[in-house]
Amino acid sequence: MLNRQTYFIKERVKLLRISDTYDILDPETQEHIGIAVERPGQLTRVLRLLISKQLLPTRIDIHDDENNPPLLSIRRGVNLLGAKIDILNADGQPVGYFKSKLFTLSGGFRVYDIHDKQVAEVKGNWKGWNFKFLDTSGNQLGTVTKSWAGLSQELFSSADNYIIRLQNPDQGTSGLLLAAGLAIDAVYNEN
């Protein structure tokens, strides 16, 4: 699943949700190819009733099948200024991290590998939901764009659907960029 060029991410609509679940689909066939499940701790679940979700720690596990161990995990600690989000592989070992920009009008964050080398930057428009993955030379590695979810879901829900497109994904960055695409909504944008 981690070597694909396109992913359709469909956030499940829930009433009174404390955590999120995202179906990962093939955008052309709508075949289910994975799932991303947010798993905050018990104390965090309670605190989300009182404190903004963006300030609290969370973990999102990315599976090819929910019954299998996670292929990747996105883990964020307490977020006060400039959150660092760790990306872990199936063995729980770090494979990279994201670091948000402190002073920017358009939002965004940087993507680093395990050796603290920046491999990409996520730039975009939080309002228009158009994002680009750019390498350190400014070349486009991929995009994240919002997909229309239908009138009722758009009006009565905060659930988002979006497409992640990677150009020439390689084994080293495709998982990090998939996690970055999920992090835009699940970690940085949700309230």
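FYI, it's all coordinate maths here, none of it is from the lab. Since the structure is predicted, the reported quantities are computational estimates derived from the model, not experimental observations. Reconstructed Cβ throughout: ideal geometry from the backbone, glycine too, with neighbour counts over all protein chains shown.
Numbers for the structure displayed
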| read-out | value |
| --- | --- |
| Gain in span if fully extended, GLN54 to ASN125, counting 0.36 nm per residue against the direct Cα distance | 23.7 nm |
| Simple spin-label estimate for SER137 and GLN42 in nanometres, 7 Å along Cα-Cβ | 5.2 |
